[in-house]
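Participant: Structure below; questions to follow.
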Amino acid sequence: MRKFCYPLLLFLVLLISCENNQEDFIIEQSQNEKKEKVILFTTKAERFGVVENPEGAYNYDGLDFTGWDVVVGDANYVMNNEAPITINDIETEHQDSLSVLSANVSNRYIMTHNITYKKIVSDSLVLMKHKASYKFKIPYTVSTQNTTNNGQTVEGGLFVWDGSDTQLDYGLAFQWIVNPWVPEFGEVHYWDGAYWQYLTTLPVDTLYHSIVFELNFRSYQAFITIDGVLYTQNVISTTPKQGWGNTVDGRLQAEVISIYPSEYAESIPVQEVYFKDWEWEGEYN
């Protein structure tokens, strides 16, 4: 998994490496069958687990993220003698044709990271160009006065792990800073492989926003489109990984990070973001 770095934010992020060999899978479904909660946690590097194996060009889509996997990401912080972060601190819930990604669901004095993703495996991915998209929105008014819901960031990306040759993770990612207490509030950054870099500014409102990821593996190019605006800067990144195996894997990811905790707060808000209407396709150049 890629590392997360916040050089502009005034807080400490603990980077937790996932190296263990056990996997835990919990699936809960409500009795009325209108709502399904899917939680997956694994600490193994080869954790991207629900796999599709297209033989060539592919096309997937859905209204929500049903069937996707969920892991605790690496942007985590624990304070005030809190217990370590576990899968119980995040949730991904599918309801009414959308998915709700939440982090720090128990209002603990922590910052934690929900990564919800779909994975495909095929050697042909390194010969193709890939395009993916989804819509997302914050369902509450972000404010320094809101003690119930606030978050640190909304993030996501599209990646291809080339385990058969270069042992590099190729892709692109965005980070929308939604913590109302920091000066970077509303900024959208892209990941350059080592740091987050400024791309644009997006109003932190309660409207749906759209994002499109385009990754051309063979031409070494990647571009982001937000709300119909194509940013022409090449935002591709490459990151070496240890222990990720020798397969070629594609991952479409949606992510939320809960707000950095304050020792002076009576309780820490929950981060909650809606996602819907995703598409992911690939074709040969």
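The values are calculated or read from the model by the stated rules, or taken from the named source; none is laboratory data. Predicted model only: the values in this text are computed from it and were never measured. With ideal geometry, Cβ positions are generated from the backbone for all residues, glycine too; neighbour counts draw on all protein chains shown. Surface areas here come from the heavy atoms of the whole protein model, side chains and all, with no ligands, DNA or RNA. Shrake-Rupley method; radii C 1.70, N 1.55, O 1.52, S 1.80 Å.
Participant: Take the residues of region 50-84 that are in a loop (DSSP other than H, G, I, E, B) and of a type in the set (A, V, I, L, M): which is modelled with the lowest pLDDT?
Facilitator: Filtering region 50-84 down to residues in a loop (DSSP other than H, G, I, E, B) leaves 50, 53-57, 63-68, 73-75, 79-84.
Within this subset, residues satisfying the condition of being of a type in the set (A, V, I, L, M) are 50, 57, 63, 75, 79, 83.
Values: V50: 47, A57: 92, L63: 98, A75: 96, M79: 95, A83: 97.
The qualifying residue modelled with the lowest pLDDT is V50.
Participant: What number of residues in region 220-241 are touching a strand residue (DSSP E or B) at 6+ places or on another chain (Cβ under 7 Å), closer than 22 Å to D165 by Cβ and modelled with pLDDT of 95 or more?
Facilitator: 5
Participant: Still on this structure, I have one more. Please report, ordered by residue number, the strands (runs of 3 or more DSSP E) entirely within region 153-219 with at least 2 residues that are open to solvent by 30 Å² or more (accessible area, probe 1.4 Å), more than 24 Å from Y140 (Cα to Cα) and at pLDDT 95 or above.
Facilitator: Correct list: 196-201, 209-216.
Participant: I would also like to ask the following. Output the qualifying pairs, or none if there are none: Cβ atoms under 7 angstrom, residues six or more apart or on different chains, first residue in region 92-107 and within 24 Å of D74 (Cβ to Cβ), second residue of a type in the set (F, W, Y) and assigned to a strand (DSSP E or B).
Facilitator: S99/F275; V100/Y274; L101/F275
Participant: Would you pick out the residues in region 250-285 that are open to solvent by 10 Å² or more (accessible area, probe 1.4 Å), part of a strand (DSSP E or B) and not β-branched (V, I, T)?
Facilitator: Answer for region 250-285, where residues must be open to solvent by 10 Å² or more (accessible area, probe 1.4 Å), part of a strand (DSSP E or B) and not β-branched (V, I, T): E272, Y274, K276, D277, W278, E279, E281, E283, Y284.
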